[in-house]
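Before any comments, here is the structure.
The values are calculated or read from the model by the stated rules, or taken from the named source; none is laboratory data. All figures in this text were calculated on a predicted structure; none of them were measured in a lab. Cβ placement follows ideal geometry from the backbone for every residue including glycine, while neighbour counts extend to all protein chains displayed.
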Amino acid sequence: MVGSIADPRHSPSGIGLADCYVVLLMGGTSGEREISLKSGVALREGLVALKEQGTVRGYMCIEWLADGRWDDGATIAPPAAFLGNLPPNPLFLLGLHGGGGEDGSLQGLLSSLDIPFTGSGVAASALCMDKHLSRLLFQDAGYGVAPGALIGTDGVRAHQAQACQADGEGPWFVKPRRGGSSLATHCITDWKDLAAALDGVWASGDEPLVESAIQGVEVTVGLLDLGGDLPEALPLVEVCPHEGHFFDFKEKYTSDGAKEFCPPKNLGPERCEEVASIAQHAFRVAGCAGYARMDFIVPQSGPPVCLEINTLPGFTQRSLLPMAAGAVGIGFSELVHKILDHALLASRPLI
């Protein structure tokens, strides 16, 4: 078992959540911007409820525009202008997905200013955003991963791809190394289509990762860090895309997309417990904090296959973490409360 990456944030400052002014940040510059805005709408509703309950002192909403500036509805300016003029005791609620909002970049900026924020720290955010490095970590920790390889330049891609071709039977997934929401992800059934799929990923500005498709039940595990040795695993959610489709952008986010079942309909209790245990330990091995969602394919026999850990999972009406929380009686505003509470307890002293 490899060692875990410690979260760098410090001990509590003594300031309570009721003293904090929550800064909800949504939007961003990644391809997942529109989903982030939808998550932001839902999170704002949660903050309204918490403010009415007196759980938080107040809140403000900032949209991270596609051009990199921030917009609070009254002012549009570079991030530095906002960060230098925050209300006392700010606490950032990150409703961001992908790109600089989830890969450790923003986390590093906020950490350098001693501003607390929700979710994982710099190292874990960067690691989990990188599907290549995270799959190596899972593999080193003894967890199952799909046969695959990171494909480099055109001159070496054919050689590297042989690790994925196996016995010549597909399908295979070709996905961006650091992408999310299945954007620029291709499922190919004929090896001759590999070149076009690789080109599609390179066109997105990322490196392609090729993995053999694993036949099995697709599930996801929501995780809440409530201060114990391991995070709490919420009930598993089974994802069932329409026949002939994988869990792509449309299946994830449209009203007529994939069907989800909590608890899973095609996975027994013992297998669910096995998957949940792997997710709990992988969360710690990766150094995650606060909350996350881990995705798996569970074959009929053999170890569950780890796909990825999402350190800032969605909060839209179709999102799976709130669904799993609701299955054990955790309402939406309570879920937001728990996430904010952990961010404050795990933070450095507030400014």
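Key figures
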quantity	calculated
Boolean, GLN317 is more than 20 Å from the chain's Cα centre (by Cα), among the polar types (S, T, N, Q) and at pLDDT below 95	no
Per-region count, the stretch 41-84, residues assigned to a loop (DSSP other than H, G, I, E, B) and among the charged types (D, E, K, R)	4
The lone exception for GLU334 - which of (1) assigned to a helix (DSSP H, G or I); (2) surrounded by 20 or more Cβ atoms within 10 Å (Cβ to Cβ) it fails	(2)
Conditions (1) part of a helix (DSSP H, G or I); (2) surrounded by fewer than 21 Cβ atoms within 10 Å (Cβ to Cβ); number of the one not met by ASP114	(1)
Qualifying residue in the stretch 97-104 (condition: assigned to a helix (DSSP H, G or I), closer than 19 Å to HIS342 by Cβ and under 19 Å from the mean Cα position of the chain (by Cα))	yes
Members of the stretch 191-211 that are under 22 Å from the mean Cα position of the chain (by Cα), under 12 Å from PRO171 (Cα atoms) and not charged (D, E, K, R)	VAL210
Positions within the stretch 153-173 being surrounded by 14 or more Cβ atoms within 10 Å (Cβ to Cβ), modelled with pLDDT under 85 and either under 19 Å from HIS281 (Cα atoms) or touching a helix residue (DSSP H, G or I) at 6+ places or on another chain (Cβ under 8 Å) (or both), in sequence order	ARG157, ALA161, GLN165, GLY170
Conditions (1) outside the structural domain of LEU230 (by TED's automatic domain parsing); (2) modelled with pLDDT of 95 or more; number of the one not met by LEU350	(2)
Residue that is surrounded by the fewest Cβ atoms within 10 Å (Cβ to Cβ), among those in the stretch 119-152 that are hydrophobic (A, V, I, L, M, F, W, C) and under 22 Å from PRO171 (Cα atoms)	LEU136
Candidates MET323, MET294, filtered to the one that is hydrophobic (A, V, I, L, M, F, W, C) and not in a helix (DSSP H, G or I)	MET294
